[in-house]
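Okay, so here's the structure we're looking at.
The values are calculated or read from the model by the stated rules, or taken from the named source; none is laboratory data. Everything numeric here is computed off the predicted structure, so don't read it as measured data. In this analysis, Cβ positions are derived from the backbone assuming ideal geometry, glycine residues included, and neighbour counts consider all displayed protein chains. Heavy atoms of the whole protein, side chains included, go into the accessibility calculation; ligands, DNA and RNA do not. Shrake-Rupley method; radii C 1.70, N 1.55, O 1.52, S 1.80 Å.
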Amino acid sequence: MSLGEVLLQRKKITPEQLEECRAARKGPHDRIERILIEKGYAKERDVLEIIGEQLSIPVVDLTNIKIEPELLKLVPAKVVHRYRMIPIARRNGTIRIATANAFDLYAFDELRMLTGAKVEPVLASEAEIGRVIKQYYGVGGQVIDQMIADSDIEVVSEIDEQDTDAIEEAQEATVVKLVNEILVEAIRDRASDVHIEPYEDKLRIRYRIDGVLHTTNVPPQIRRFQNAIISRIKILSNLNIAEKRLPQDGGFKIKTGQREIDLRVSIIPTKYGEGVVMRILDKQSALMSLEALGLAGRPAELYGSLIRQPFGIILVTGPTGSGKTTTLYASLNAVKSDAVKMITIEDPIEYYLDGINQVQIKPSIGLTFSSGLRSFLRHDPDIILVGEIRDLETAETAINASLTGHLVFSTLHTNDAITSTTRLLDMGVEPFLVASSLEGVLAQRLVRQLCPECREAYDPSAKDVPEQLELQPGQKFYRPKGCRDCRNTGYRGRIGIYELLLISDSLRDMILARKSATDMLAVAQEEGLILMREDGWHKVQHGVTTIEEINRVTKSL
């Protein structure tokens with residue numbers, strides 16, 4: 001029985017999927033299981049288990065494997081990269097080799113000749129093998145070896161290189177491939193940012209995953225190609241490769257599979273060369289629903305009604321990186337229709353959205369938030385999004401827009417919802433303007449979600465629970481454990497915790513009287529305000545995140 005038929009018999013795929021993949025084969029050597037996996041119809045683990053049963057080859061888990069350095073020296077790095085096979089153990093003159101392709105007999109013969117030992121193949125997923133290769137050889141290890149061996153590559157000198165030399169080197173196929181590998185690895189690991197940081201004797205590459213930076217393993221020789229890598233990134237971002245003294249900002253777009261991903265690039269001069277940060281902006285994340293972002297229950301109902309108001313100002317607050325822009329885009333998508341005209345003015349435009357007119361500010365030519373906003377009012381919009389209220393002029397222009405019948409969305413950098421009212425007053429906005437225009441404030445933070453594959457339940461003790469919150473009898477909490485799906489962190493993805501403040505008549509009176517944020521908070525809580533920390537606590541109780549995460553991003557009650 002063929003592998004496809006076994007998958008069909010075990011109800012892992014449908015007959016239609018099998019026929020489609022059979023039709024997609026381009027020749028007898030085009031294996032059906034590869035097509036099934038590439039199309040997402042079959043899981044690689046299921047395929048490996050069937051191949052293992054048919055060939056009597058064990059399937060192994062490489063998640064926590066440790067490989068002896070001496071064993072790695074037996075197999076040349078170029079062979080490991082070429083065949084995507086890696087030695088994982090040695091016993092009694094036999095080397096155990098992890099592979100995802102049990103049919104590559106030529107590779108096994110070559111390994112026998114190179115090592116002079118018997119070779120015992122075991123099966124593991126391509127993703128796990130790639131992770132182990134990256135762990136022991138570094139990202140782009142094969143490309144670095146090729147660059148060092150290639151005499152045609154001339155490393156850019158540290159001093160006064162000519163533009164043409166830098167361009168030629170940055171366009172070398174090996175440099176292009178190395179930068180591509182760094183980006184592909186970041187996207188595969190769900191990173192939001194890539195940090196390239198030069199130091200005196202090394203080049204460090206770090207990925208920010210779920211809000212936390214992780215240093216990725218790279219070959220030490222990568223430091224020699226630092227300038228070539230940065231020049232390549234500058235060329236992609238349409239930046240000046242000869243300018244190394246001033247910060248530069250740019251961006252470019254890549255396509256991987258069916259996804260288009262924008263990258264925002266920031267380059268700064270440091271003591272040992274230029275440092276680069278690339279923000280990865282995946283349009284798919286901007287198209288999430290408010291519920292998928294973590295806004296649920298009663299606050300979700302109230303916020304849904306709020307964003308459908310005909311006019312007024314709605315603010316989303318929080319520090320940098322707290323997901324404000326994603327929430328605003330999800331809000332716009334929730335109310336978008338052919339009957340509504342929407343315009344945004346942003347710095348920068350993070351995601352391009354269909355059906356919405358988006359404008360990038362350019363202060364150098366006089367296009368600022370406030371000047372652009374004034375022009376928008378003559379463009380007959382129904383809904384306006386202002387990227388950020390940074391000064392009095394922008395605040396007053398946004399308020400005037402809301403008072404003339406427009407719904408205005410914007411952001412502020414405040415720690416909670418209630419202090420956004422006092423922040424506007426501190427900017428110099430008149431209390432009567434704030435009281436008459438502000439409809440609601442949504443404050444938020446992002447917390448890491450527990451990996452659903454490996455989270456483990458435990459019984460919390462009384463000291464784990466804040467005094468103001470009650471622990472229910474028999475209540476189970478969950479904590480991180482770590483598995484292959486979450487890179488052994490115990491967390492996978494992030495979710496928002498929220499605090500929705502609706503401006504009631506009593507709060508408007510307090511704004512007019514310039515009452516303190518503390519006094520207003522007491523009244524808001526009496527009227528039903530759920531604090532961010534309380535929302536986080538509900539997510540802890542439902543096994544979504546942990547107490548440690550809530551404590552990390554919020555203040556104690």
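Worth a mention:
- Taking every alpha-carbon pair under 8 Å whose residues sit at least 6 apart, the chain reaches a relative contact order of 9 percent.
- With each label modelled as a point 7 angstrom along the Cα→C-beta vector, the Ser2-Leu367 pair spans 5.6 nm.
- Once both labels are positioned 7 Å from their Cα atoms along Cα-to-Cβ, the gap between His538 and Gln309 label points is 2.1 nm.
- Full-extension gain in nm, Arg188 to Arg514, via 0.36 nm per residue minus C-alpha separation: 112.3 nm
- Helix 392-403 axis versus longest C-alpha principal axis of the chain: approximately 70°, rounded to the nearest ten.
- Taking 20 Å as the cut-off, the amide N atoms of the stretch 67-98 that come nearer than this to a point 7 Å along the Cα-to-beta-carbon line of Ala127 belong to 84-86, 98.
- Cross-link reach is defined here as a Cα-Cα straight distance under 17 Å, omitting same-chain residues fewer than 8 places apart; for Lys134 the lysines meeting it are Lys66, Lys73, Lys78, Lys177.
- Antiparallel DSSP beta bridges within the stretch 298-414, percent to nearest 5: 5
- Antiparallel bridge percentage (DSSP; both residues within the chain; nearest 5): 65
- If you count Lys pairs in the stretch 198-357 whose Cα atoms are under 21 Å apart, skipping same-chain pairs closer than 8 places in sequence, the total is 13.
- Isolated cysteines of the chain, defined as having no other cysteine beta carbon under 4.7 Å away, are Cys21.
- Split the accessible area of the chain by element, probe 1.4 Å, and carbon with sulfur accounts for 48%.
- Segment Ser375..Glu243, full-extension length gain: 44.0 nm, with 0.36 nm per residue of separation and the alpha-carbon distance subtracted.
- Our estimate of slack between Lys39 and Phe103, defined as 0.36 nm per intervening residue step minus the Cα-Cα distance, is 20.9 nm.
- Nearest-ten-degree value, helix 44-55 long axis tilted from longest Cα axis of the chain: 20
- A simple packing score, the average count of other Cβ atoms within 10 Å per residue, orders the peptides 34-40, 226-232 as 226-232, 34-40, with the highest score first.
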